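Student: Quick one: this structure, given as structure tokens, is what I'll be asking you about.
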Amino acid sequence: MAFVSKEEKIEDYLFKIVLVSDSAVGILNLLARFARNEFYPNSKSTIGVEFQTQKLDINGNEVKAQMWIMLTRTKWIYLKYVRI
């Protein structure tokens, strides 16, 4: 039996979002806006996989959203080996 402290409360809902995209289309800025509400006009291209987590309170429920970004040239390699 696992014990969870108040600080480690398990979320009510967990969503895992996987976005597959071409390189240099601004997908990393979408991730930055989602997770940190930031925008980088001079950001560099993503190499491989990027990942961010955001916790939200929706109607009194704690929702944890994990967003994964994968590039199309590597998507089949990572989808084969990464367990999301």
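The values are calculated or read from the model by the stated rules, or taken from the named source; none is laboratory data. Everything numeric here is computed off the predicted structure, so don't read it as measured data. Heads up, the Cβs are rebuilt from the backbone with ideal geometry, glycines too, and the neighbour counts pull from every protein chain shown.
Student: I'd like the residue in region 59-81 that is over 12 Å from Y13 (Cβ atoms) and polar (S, T, N, Q) and, out of all such residues, is modelled with the highest pLDDT.
Tutor: T72
Student: Being over 10 Å from M67 (Cα atoms) and part of a strand (DSSP E or B) is the filter here, so list the residues in region 11-55 that pass it.
Tutor: Once the filter is applied, which keeps residues that are over 10 Å from M67 (Cα atoms) and part of a strand (DSSP E or B), region 11-55 yields Y13, L14, V20, S21, V49, K55.
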